[in-house]
């Protein structure tokens, strides 16, 4: 039996990575590019193409299609729309560009959806039909599966959980609005919570470039303010997830992204807060789990799995 | 070509209605029963059966199956679970009971899902794949379509939008919890809002049995407190719907149920509040509409359409 191979491309503001992936989710070969060096996306696609052709010829393996994951990637239009960290214009016809250069079918979605699709085909959600993947990093994204399929929504914008507004926040969000969940549940949000707690504790000023990882390490060493920071983050997220669960009744919610590495300290409080905030019918029904793809390139894997989803 | 007919049963705490429905959503014949007179659901199912057989023989039409809509009806288990207004026990195996008596396939869902399925097959959502139907009456339910299919969730509990908690409410809900959306957006909630506004206006006491319809009629006649009551209701609902839209990106949200008759006064404020509370990408994208089945028996129609959904 002949294996199927697809190229997965993960376009980010800093780096763009690609990989050739087989049906088991194994990356056969890959490459990485500095996104900021490219003034237009055609040049980036060309360089990926030449790298792919070289490695493809060496290994005598050809791809059947290209899946692309990108922030603000729109499944329907095939365009990256208004991506704040890419300087290629408002509407980048990325599917058109890649399919022309590679002469292969191309398909696009946003990075959170790609992570959820990756979880479904190569991660811990293989047997699940209804689940949510949260991508917690610089921002907060979500990819939602219901009835075994990803929810894109009417316009391809579904999953903007990070920009739902919450009572707890008066903070200004990167989107320009006030009170988004992301202002608490993201690297920026966690740093701000930590800073505010330090300020009320009259600690010395917290450096602006302090990372969530550093705060997490402090928490692991018993630093009370760091522990409280993750508690606040988990409580705020837990209350939002309780509402999400009442709407979607998912089997599991997975934590993905850099901040998901802090899952041992996040998940117990999130679970407790959910159980305290749902109808009794829902208690202990939803599993809160770390993604099985944490620290793997889920966006590369997930974007190749777009082709399996399409075939379903 | 031979037409298909299905029986739709709408089980409510006060009345149970049934109808024989054709593929166009026309009710060929129907019957109504006083639910409270039945000490157990088997006797109710038997009486519906005898009524159906009589009318079916008269008109020489036979049904191919029975769809049932009921509060807390669970699609997966075929049971009515913990329904507060039915005194038949905690778990009523209603699918088993009806299919045994009628010797026909039976299928169950909750009343909000039935309304949404009715909207899809016989209402204003025929061409839509992603939409939400809100059933606003004694409580607040929701039926959610994504990718052209109803979302039941893992356990059959999806759509409990009425029990998501909101910052605006400190009111006690019928579910025992504090702050559910339903404490504002329901007949009970609207009456309480009206009472509170009257109390601060030092009006005479509002009767406990005042109906939403009466308050709506006052609003239509220019009563400022009644107008303010619907404004508050619309604002609270609009803020919740903004969050729902960010998650699901639906094409439309339909208002159904007794209170949906007040849509001319509700929809302008709901729409304005949504536009003020979503990401700019989502502005003016979602239509807020009255259901095309208001004041029709959508639960009867929708429960027969469960069979069309199954065939999809």
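Every number here is computed from the coordinates shown, using simple stated rules; none is lab data. This one's a predicted model, so the numbers in the text were calculated from it and none came from an experiment. Here the Cβ is made from the backbone with ideal geometry for all residues, glycine too, and neighbour counts use every protein chain on show.
Hydrodynamic estimate: the Kirkwood radius of segment A:181-296 over Cα pairs, inserted into Stokes-Einstein at 4 °C and 1.567 mPa s, corresponds to D of 88 µm²/s.
Taking a ≥ b ≥ c as the square roots of the eigenvalues of the Cα gyration tensor, an a/c ratio of 1.5 or more together with a/b no larger than b/c marks segment A:232-312 as oblate.
Sorted from greatest to least, the principal axis extents spanned by the alpha carbons of chain A come out as 60, 45, 36 Å.
When only alpha carbons are used to place a centre, segment B:171-224 and segment B:239-308 end up 21 Å from one another.
Computed from the Cβ-Cβ distance with R0 of 51 Å, the FRET efficiency linking residue A:14 to residue B:308 stands at 0.55. Taking chain B as the reference, fit the longest principal axis to its C-alpha atoms, fit the long axis of helix B:298-311 to the helix C-alpha atoms, and give the angle between the two in degrees, 0 to 90, nearest 10. Roughly 60 degrees, rounded to the nearest 10. Placing a label point 7 Å from the Cα of residue B:209 along the Cα-to-Cβ direction, the distances to the matching points in the other copies come to 7.3 nm, shortest first. Among A:138, A:14, A:232, determine the one that fluctuates most according to a GNM of chain A built with springs between C-alpha atoms less than 10 Å apart. Comparing A:138, A:14, A:232 in the GNM, the peak value goes to A:14. Label-to-label distances for residue B:126 across copies, nearest first, come out at 4.4 nm, using points 7 Å from Cα in the beta-carbon direction.
Rg over Rh for segment A:74-207 works out to 1.06, using Cα positions for both radii and the Kirkwood form for Rh. For the pair residue B:172 and residue A:200, label points projected 7 Å from Cα toward Cβ lie 3.0 nm apart. Note on chain A: with a GNM built from Cα contacts shorter than 10 Å, the maximum mean-square fluctuation among A:231, A:17, A:54 falls on A:54. Here residue B:40 yields copy-to-copy label distances, from shortest upward, of 7.8 nm, the label point defined as 7 Å from Cα along Cα to C-beta. The three principal axes of the C-alpha atoms in the protein assembly as shown carry coordinate ranges of 78, 66, 43 Å, sorted with the longest axis first.
Taking chain A as a Gaussian network of alpha-carbon nodes connected by springs under 10 Å, the highest mean-square fluctuation of the residues A:206, A:286, A:132 belongs to A:206. Using a cutoff of 8 angstrom between alpha carbon atoms and counting only pairs six or more residues apart, the relative contact order for chain A works out to 19 percent.
With a 10 Å cut-off around each Cβ of A:137-143, the average count of Cβ atoms from other chains is 0. Chain A residue nearest the rotation axis toward B, with distance: A:167, 2 (Cβ to axis, whole Å).
For the segment A:125-134, counting C-beta atoms of other chains within 10 Å of every residue's C-beta and taking the mean gives 1.
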